[in-house]
Structure formats: structure tokens, C-alpha cells
């Protein structure tokens, strides 16, 4: 099993979790192919993390499965926007930590029954 962690990426955790749930449990090659055609910003980021996790374990994408794809909330950048009558509004810019774990699929040993 190998993993990759990308910290403090500028994408909303809620939006990234939608993409992470799509690829969890998929073959890494199939996940990378499907993420390529998703229009979301998080899809491109998660595909790079998956490719990094595959490379960290010296695997090929065809031979591993994404066992875990987790998106955690990170620090929130707080900004201000000027509003009417000298007031200000708060703008929250969330960040996320993305963790991807890949492993070879479990091969079930098949016991063959011999006819006696």
C-alpha cells in the first residue's frame, strides 16, 4: 500500500469530497481516465494526487485500486470586502488536505475441489 498527501490546496473541501467519493474503490487507471473529463477544479487536483500515490509505491496504474480517497478541512483564509456605508463583509476562502491510498487488490485464493 502506498499513499500521497497534498496539504493546504485552495479548493473547498465540500466540492472536493464529491469527486473523492466518485473514485473511491475504482481501479487507478480507470479513475485517472474518468477524472480527465470532469470539469471540476478538484478533479484535476485529485488526479495528480492519485498519480503521485501510484508512483510512490512503484506501481503501474492498471495494477492498483484506490482504497481510500479522503478530503479533510484545512485552515480557512479570511478576507474582507468593502461594502456600503463604510462597512465590510467577510469572505472565507477554504483550503483542504487530500489523502489518497492505493493498494493492490486482494486476490482470493480459490480452492479447487477434486473429484474422488
For the chain, modelled as a GNM with alpha-carbon contacts under 10 angstrom, which of 87, 67, 95 fluctuates the most? 87
Running a GNM on the chain with Cα contacts under 10 Å, which residue among 84, 43, 74 ends up with the highest mean-square fluctuation? 84
Describe numerically, in nm with one decimal, the distance between label points set 7 Å from Cα along Cα→Cβ at residue 104 and at residue 37. 3.1
If r is the Cβ-Cβ distance from residue 80 to residue 18 and R0 is 30 Å, what FRET efficiency results, to the nearest 0.05? 0.55
What do you get for Rg/Rh over the chain if you use C-alpha atoms and the Kirkwood form of Rh? 1.24
Sites residue 89 and residue 5 - FRET efficiency at Förster radius 30 Å, r taken between beta-carbons, to 0.05: 0.35
Could you tell me the relative contact order of segment 2-103? Use alpha-carbon pairs under 8 Å, at least six residues apart, and round to a whole percent. 43
Is any residue of segment 19-34 close enough, with backbone N under 19 Å, to a label point placed 7 angstrom from the Cα of residue 70 along the Cα-Cβ axis, and if so, which? 19-26
If each residue's Cβ is checked for other Cβ atoms within 10 Å, how do 85, 17 rank with the fewest at the top? 85, 17
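Since every read-out is calculated from the coordinates, none of them should be taken as a lab result. No experiment lies behind these values; they were computed from the predicted model shown. Please note: Cβ atoms are built from the backbone with ideal geometry, for glycine as well, and neighbour counts cover all protein chains shown.
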